[in-house]
Amino acid sequence: MERDLHDGAQQRLVALSLSLGVLQTKLGADPDALVELTQARAQIAVSLAELRDVARGLHPAVLSAHGLDVALESLAAHAPLPVRLSVNVDRRVADAVEVAAYYVVCESLTNIGKHADARSATVNVAWANGEIVVEVVDDGRGGADSERGSGLRGLADRVEALGGRLRIWTSRDGTRVRAELPCA
């Protein structure tokens, strides 16, 4: 898997970054375009770093170094829309549980940005009755379907592998994703 990611997705991201660099040179003095290209190249660099971590079987360094709350603050800060975040977990839990919670939020925010046409999202993470409960809610157009895409199905598999449960409710007023992750 590491080799496939390196030879495939990572190489495409590097090529994209190089192409954006060439385009940046051709645009010259257009300050708005230069700002957008610089931001795009920075996002590619972040994506490459995350992809390299995944390829090595690691989870984000911020998660292991600083815990779930700081890692989720970072996700919310870089989300493609405003995110209201509430994390009420007063202890560290097993790495696998923290990683699953992190990826539930990460994939949900990514899906919202790509598909929901939402104005905002809310992320609530709390300790309740021996489990971490993660809820991500958006005010978009709905339509989330775990059968059509691999992202939500992969999240469900990750959560279920830990003995947890992932549920999704969607309507034309938005989508709610709820993961319950046991911490026993």
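Remarks
- Residue match in the stretch 166-174 (condition: touching a Pro at 6+ places or on another chain (Cβ under 9 Å) and part of a loop (DSSP other than H, G, I, E, B)): no
- So LEU81, is it outside the structural domain of ALA40 (by TED's automatic domain parsing), in a loop (DSSP other than H, G, I, E, B) and either at pLDDT below 90 or under 18 Å from the mean Cα position of the chain (by Cα) (or both): yes
- Considering residues of the stretch 23-71 that are exposed (fewer than 10 other Cβ atoms within 10 Å of the Cβ) and of a type in the set (A, V, I, L, M, F, W, C) only, the residue nearest to the chain's Cα centre (by Cα): ALA65
- For the condition in contact with a helix residue (DSSP H, G or I) (Cβ under 6 Å, 6 or more places away or on another chain), part of a helix (DSSP H, G or I) and among the β-branched types (Val, Ile, Thr), ILE44 qualifies.
- When the stretch 113-148 is limited to residues that are at pLDDT below 95 and within 15 Å of the chain's Cα centre (by Cα), the one that is surrounded by the most Cβ atoms within 10 Å (Cβ to Cβ) turns out to be ALA116.
- Qualifying residue in the stretch 96-108 (condition: loosely packed, with under 15 Cβ neighbours inside 10 Å, in the same structural domain as GLU160 (by TED's automatic domain parsing) and not β-branched (Val, Ile, Thr)): yes
The values are calculated or read from the model by the stated rules, or taken from the named source; none is laboratory data. Treat the numbers as computed from the prediction; the structure is a model and nothing was measured. Neighbour counts are summed over all protein chains in view; Cβ atoms, including those assigned to glycine, are modelled from backbone coordinates with ideal geometry.
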